[in-house]
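Undergrad: Below is a structure I'd like to ask you about.
None of the figures in this text is laboratory data; all of them are computed from the coordinates on show. This one's a predicted model, so the numbers in the text were calculated from it and none came from an experiment. No Cβ is skipped: glycine too gets one built from the backbone with ideal geometry, and neighbour counts run over all protein chains shown.
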């Protein structure tokens, strides 16, 4: 009986250690009368980097709470997605939904990529060099909605009606792919939500040579 207890204790300890190592992004939760929050908490082996990442994330989290307390919106929801992680980077998208009255609310989608060793937020230009003139090329690339569904030409906002500014928000998709984030209405109808365009390594190489 004592041996069985020891085995069970060892198995439970191993399970905890394995889950702790693989799950490096946890979820914090908060609620009030008219808001709900599920926000990321990042864990890294480097305590300084971990503190730096979570301090930066806290700015977005606390900004949502402050605006709620100040009556900037009636109802809201703050969530996130972990889009990619490896030994060096963690890539998140924050979804900040606010309803101020009217038919529907609006969500701001913020792409954040952090270096897990330094804790620094990594700008888009670190991976790919883009200028606004490149939008005409990117417009023809595949476009997906927030449910990862491919959007055909008929589902997209026409070229002339688009804002041709290259966004700062992006996420990493793995295999060397960088995905640009477009806000609601920018590239498609409201019900498609956030949209994104994946840029493959061969194109990243081209843009980086073109825009040194």
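Undergrad: Suppose we keep only residues that are within 27 Å of residue 98 (Cα to Cα) and more than 19 Å from the chain's Cα centre (by Cα) within region 34-54. Which one would you say is surrounded by the most Cβ atoms within 10 Å (Cβ to Cβ)?
TA: The selected residue is 35.
Undergrad: Related question: If I ask for residues that are in a loop (DSSP other than H, G, I, E, B) and without any contact (Cβ under 8 Å) to a residue 40 or more places away in the chain, which ones from region 87-122 would you list?
TA: Selection gives 87, 88, 100, 101, 102, 103, 105, 122.
Undergrad: State all residues of region 175-189 that are more than 13 Å from residue 128 (Cβ to Cβ) and either without any contact (Cβ under 8 Å) to a residue 60 or more places away in the chain or surrounded by fewer than 11 Cβ atoms within 10 Å (Cβ to Cβ) (or both); if no residue qualifies, say none.
TA: Residues satisfying the conditions are 175, 182, 185, 186, 187, 188, 189.
Undergrad: Could you grab me the full set of residues in region 183-212 that are in a helix (DSSP H, G or I) and in contact with a strand residue (DSSP E or B) (Cβ under 6 Å, 6 or more places away or on another chain)?
TA: 192
Undergrad: Go through region 171-198 residue by residue and tally those that are within 22 Å of residue 84 (Cβ to Cβ) and within 16 Å of the chain's Cα centre (by Cα).
TA: Number of matching residues: 17.
Undergrad: Now for a different question. Out of all the residues in region 123-138, which are farther than 14 Å from residue 200 by Cα and part of a loop (DSSP other than H, G, I, E, B)?
TA: Of everything in region 123-138, those that are farther than 14 Å from residue 200 by Cα and part of a loop (DSSP other than H, G, I, E, B) turn out to be 123, 131.
Undergrad: Of the numbered conditions (1) surrounded by fewer than 19 Cβ atoms within 10 Å (Cβ to Cβ); (2) in contact with a helix residue (DSSP H, G or I) (Cβ under 8 Å, 6 or more places away or on another chain); (3) not in a strand (DSSP E or B), residue 147 satisfies every one except a single condition; which is it?
TA: Tallying (1) surrounded by fewer than 19 Cβ atoms within 10 Å (Cβ to Cβ); (2) in contact with a helix residue (DSSP H, G or I) (Cβ under 8 Å, 6 or more places away or on another chain); (3) not in a strand (DSSP E or B), residue 147 fails exactly one: (2).
Undergrad: Given (1) surrounded by fewer than 17 Cβ atoms within 10 Å (Cβ to Cβ); (2) in contact with a strand residue (DSSP E or B) (Cβ under 8 Å, 6 or more places away or on another chain); (3) farther than 22 Å from residue 60 by Cβ, where does residue 131 come up short, assuming only one miss?
TA: Result: residue 131 passes all but (2).
Undergrad: Name the residues in region 153-170 that are outside any loop (DSSP other than H, G, I, E, B) and surrounded by 13 or more Cβ atoms within 10 Å (Cβ to Cβ), would you?
TA: 155, 156, 170
Undergrad: Does any residue of region 95-114 turn out to be out of contact with any helix residue (DSSP H, G or I) (no Cβ under 6 Å at 6 or more places or on another chain) and over 25 Å from residue 191 (Cα atoms)?
TA: Yes, region 95-114 contains a residue that is out of contact with any helix residue (DSSP H, G or I) (no Cβ under 6 Å at 6 or more places or on another chain) and over 25 Å from residue 191 (Cα atoms).
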